[in-house]
Amino acid sequence: MPTRAPLSSDFPSSLTVTITPPPPSSSSPSPNILLLLHGLGDSAASFTSFGRALNLPETTILALQAPTKLPFDLPGFHWGDDVAFDSTTGGLDMDAGFSRAVKLIVDDVVRGVLLQKCGYRLREIMILGFGQGGMAALVAARELSRTTSSSSSETGTEKELSGIISIGAPYPLSGSTMGSKSRTPVLLVAGRDSPVVTDTAVQRTKNVFEFVELHRYSRKGDGMPRSRDEMMPVMQFFARRLRSRQGVPEGAVEIT
């Protein structure tokens, strides 16, 4: 099946998805898909702007909005099966189960659209998630590695994505750790002395994924990268894992 670019009409009408095509000089259709998953209480809009700023060659970027609005008139959306509160901080707990979100990501987006309708392979799809979106991305990658699809686009034993970048979030406690390790490469990005991405949480992630790279900011806080130095490990991961038909000129991938 020839590969083609995804269209808004390919996705279920219940989903909010924005599509950022690659720069005009890139080959068409692009050999890479980057799926962006926002954090708890956010929406697809901010990550759409982030995707445009990445300016990645030969990469179509999809920003997916979480399916459920937060209750109590709180702004934004969430990926959890429920809304839970952290007993320590009193704030919303990121780890609220991800069954519904994983079904949406794996069945509706990755398999239903990108593989079956658009002809992409798993190795050509990367997911970047922030906070709760990072947890959802990791569980989705685990599910894809664990299950076997009948899709003709998944050839042989290919069950691994191009990669997962999780900013400020490890593999969740609510996720299964049974079975063999996933071979999808993972980059964890977190702040110094992160209360979420602890040594124990990193080890839990390594118990599920065979290849896990950890990068910590020199500052505290698990927010998105704020500088070129903080973004560099993410860009290096892109350079290693994204495919190119044209070759990537030096300096072509940057944050603007």
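Within the stretch 211-239, residues that are under 16 Å from Val186 (Cβ atoms) have Cβ atoms under 6 Å from residues that are of a type outside the set (Phe, Trp, Tyr) and exposed (fewer than 14 other Cβ atoms within 10 Å of the Cβ) in these pairs: Arg216/Arg192, counting only partners at least 6 apart in sequence or on another chain. Please state which one of Val109, Val208, Val197 is at pLDDT 95 or above and within 15 Å of the chain's Cα centre (by Cα). The conditions single out Val109. Just one of the listed residues (Ile61, Ile19, Ile33) is in a strand (DSSP E or B) and surrounded by fewer than 18 Cβ atoms within 10 Å (Cβ to Cβ), and it is Ile19.
Residues that are among the small types (Gly, Ala, Ser), at pLDDT 95 or above and surrounded by fewer than 20 Cβ atoms within 10 Å (Cβ to Cβ): does the stretch 75-83 have at least one?
No, there is no match, as no residue in the stretch 75-83 is among the small types (Gly, Ala, Ser), at pLDDT 95 or above and surrounded by fewer than 20 Cβ atoms within 10 Å (Cβ to Cβ).
Got at least one residue in the stretch 113-135 being small (Gly, Ala, Ser), modelled with pLDDT of 95 or more and surrounded by fewer than 23 Cβ atoms within 10 Å (Cβ to Cβ)? Yes, the stretch 113-135 contains a residue that is small (Gly, Ala, Ser), modelled with pLDDT of 95 or more and surrounded by fewer than 23 Cβ atoms within 10 Å (Cβ to Cβ). Restricting attention to the stretch 83-111, the residues that are farther than 14 Å from Leu34 by Cα, in contact (Cβ under 8 Å) with a residue 60 or more places away in the chain and in a helix (DSSP H, G or I) add up to 2. Taking (1) in contact (Cβ under 8 Å) with a residue 60 or more places away in the chain; (2) out of contact with any Leu (no Cβ under 6 Å at 6 or more places or on another chain); (3) buried (at least 22 other Cβ atoms within 10 Å of the Cβ) in turn, Ile165 satisfies each apart from (2).
Scan the stretch 186-201 for residues that are surrounded by 15 or more Cβ atoms within 10 Å (Cβ to Cβ) and more than 13 Å from Leu128 (Cβ to Cβ) and the total you get is 6.
Checking the structure you have, find out if any residue of the stretch 247-254 is at pLDDT below 95, in contact with a Leu (Cβ under 9 Å, 6 or more places away or on another chain), closer than 19 Å to Glu58 by Cβ and charged (D, E, K, R). Within the stretch 247-254, one or more residues are at pLDDT below 95, in contact with a Leu (Cβ under 9 Å, 6 or more places away or on another chain), closer than 19 Å to Glu58 by Cβ and charged (D, E, K, R). Only one of the listed residues (Leu56, Leu40) is more than 26 Å from Gln236 (Cβ to Cβ), surrounded by 17 or more Cβ atoms within 10 Å (Cβ to Cβ) and touching a helix residue (DSSP H, G or I) at 6+ places or on another chain (Cβ under 8 Å). That residue is Leu40.
Restricting to the stretch 112-131, and then to whatever is aliphatic (A, V, I, L, M) and outside any helix (DSSP H, G or I), can you tell me which residue is farthest from the chain's Cα centre (by Cα)?
Ile125
Could you tell me whether the stretch 99-114 includes any residue that is closer than 25 Å to Glu124 by Cβ and hydroxyl-bearing (Ser, Thr, Tyr)?
Within the stretch 99-114, none of the residues are closer than 25 Å to Glu124 by Cβ and hydroxyl-bearing (Ser, Thr, Tyr).
The values are calculated or read from the model by the stated rules, or taken from the named source; none is laboratory data. Keep in mind it's a predicted model, so treat the numbers as computed, not measured. Backbone-built Cβ (ideal geometry, glycine too); neighbour counts: all protein chains shown.
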